[in-house]
1. Among the aspartates and glutamates, select those whose C-alpha is under 13 Å from the C-alpha of K85, and discard any that sit fewer than 8 residues away in the same chain.
2. Take peptides 284-290, 194-200, 12-18 and line them up by average Cβ neighbours within 10 Å, highest first, as a rough protection proxy.
3. Compute the helix-to-body angle for 98-109: its Cα long axis versus the longest principal axis of the chain, expressed 0 to 90° and rounded to tens.
4. Got a sec? Which residues in region 161-205 would a label at Q211 touch, if it sits 7 Å along Cα→Cβ and we count backbone N under 11 Å?
5. What is the list of residues in region 26-51 whose amide nitrogen lies under 13 Å from a point 7 angstrom out from the Cα of E83, following Cα to Cβ?
6. Which loop GluC sites (Glu not before Pro) in region 21-117, with loop taken from DSSP, have no more than 13 other Cβ atoms within 10 angstrom of their Cβ?
7. In sequence order, what are the phi-derived ³J(HN,Hα) couplings for region 70-83 according to the Karplus relation 6.51 cos²θ - 1.76 cosθ + 1.60 with θ = phi - 60°, rounded to whole Hz, with x for glycine and proline?
8. Go from 0 up to the bin containing the longest alpha carbon distance in region 31-118, width 5 Å each, and give me the % of pairs per bin.
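The values are calculated or read from the model by the stated rules, or taken from the named source; none is laboratory data. Computed from a prediction, not measured in an experiment: that's the story for all the values here. Positions of Cβ are generated from backbone atoms using ideal geometry, with glycine treated the same way; all protein chains shown enter the neighbour counts. For the accessible areas, the whole protein counts, side chains as well, though only heavy atoms, and no ligand, DNA or RNA atoms are used. Shrake-Rupley method; radii C 1.70, N 1.55, O 1.52, S 1.80 Å.
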Amino acid sequence: MGFPEIRMRRLRSSATMRRMVRETLLSVNDLVYPLFIRAGEGIKTPIASMTDCFHFSPDRIAEEAVEVASLGIPAVLLFGLPEKKDEQGSEAWSEGGAVQQAIRAIKKHAPDLLVITDVCLCEYTSTGHCGVIKESRRPHSGMGFQPTRHRQDADATGVSDFKVDNDATLELLAKMALSHAQAGADIVAPSDMMDGRVRAIRQALERNGFQDVAILSYAAKFASAFYGPFRDAAESAPAFGDRKTYQMDPANAREALREIDLDIAEGADMVMVKPALSYLDVIHRARERFDCPLAAYNVSGEYMMLNAAAAAGLIDHDATMMEVLTSIKRAGADLILTYFAKKAAKLLQKIP
Ligand code: PBG
């Protein structure tokens with residue numbers, strides 16, 4: 001070796017040395033915990049497709065929220081499973097809806113915990129799509145269709161025979177976001193990928209006196225196969241076709257930056273890239289280009305790949321979990337939405 005001797009290993013020589021020169025520090029402050037709220041009473045049922053995740057009815061959510069808050073996690077993200085679905089997804093903006101009730105319960109029992117709500121119609125529509133359907137040559141009552149959870153192409157030709165009506169959907173999303181704000185949500189998070197929805201929601205909030213409610217936009221949301229376990233959990237798989245005419249093509253990174261740029265211009269306070277692990281380059285590029293808080297969603301398929309491999313004895317659960325979360329932060333995310341939040345918070349604070 002030449003002079004001076006550059007020996008990279010000097011800085012790795014002890015745990016203390018490594019701690020001192022560590023570049024990326026994951027913190028409990030970075031974590032958001034997603035929760036599934038099911039209409040009904042007395043429900044706390046394990047979700048078959050997602051390890052250690054539960055469906056909670058609104059009357060059972062306070063206890064969970066208090067625990068999440070006591071771990072130091074700053075926010076939860078709420079998804080709703082309605083009593084019944086229809087073509088418009090009308091339970092999404094019902095004052096007595098499961099999410100609206102859950103928001104009130106959380107705000108009452110854990111007032112400092114931030115409540116973020118997912119704003120999207122797919123859990124509420126009989127079609128399982130994130131908006132209303134305009135033209136369809138297929139019936140779409142939601143009856144008699146096999147959910148296309150694992151299928152990515154609409155049909156052999158790849159041509160969709162239905163259209164999700166962008167502008168008609170905007171109104172409904174605005175109503176949904178407004179009803180979450182009225183129930184006490186701190187942040188609304190549109191995940192539908194309709195064009196113009198951030199503006200429509202921002203306007204509805206401003207006009208109704210909710211100028212302090214923030215928008216976390218799922219700005220770059222890809223049409224990903226990693227959502228499979230979630231669609232079981234949220235009962236939100238499309239009854240026909242796929243989401244490729246509204247969610248992004250996984251091959252496109254420049255387009256993701258355009259989406260983010262637009263959402264910021266429309267009034268988003270924070271933006272998100274989703275999923276996280278197959279899109280670390282997008283997170284990195286978004287971090288370099290934009291200065292608002294950047295979130296990344298470590299989605300259900302990413303969560304369950306790790307859980308399945310750990311359950312098979314192939315990898316160490318906690319070590320891989322921390323490596324994954326740290327890598328998402330290192331790529332540039334300020335916030336990580338993750339089903340690992342509680343476990344990671346306990347490890348970070350050495351709570352058994
Ligand atoms: C609803 C929505 C989805 C997810 C979050 N919001 C599913 C989808 O777009 O089909 C996925 C979350 C996850 O996989 O953990 N639009």
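1. Filter leaves E123, E235.
2. On the way: 284-290: 16.7, 194-200: 21.3, 12-18: 9.9.
Result, highest mean first: 194-200, 284-290, 12-18.
3. Helix 98-109 sits roughly 50 degrees off the main axis of the chain.
4. Flagged as within label range: none.
5. 39-41, by backbone N distance to the label point.
6. Hits after loop and neighbour filter: E23, E41, E83, E95.
7. 3J(HN,Hα) across region 70-83, in whole Hz: 5, 7, x, 5, x, 8, 10, 10, 9, 10, x, 10, x, 5.
8. The percentages, shortest bin first, are 3, 15, 26, 26, 18, 8, 3, 0.
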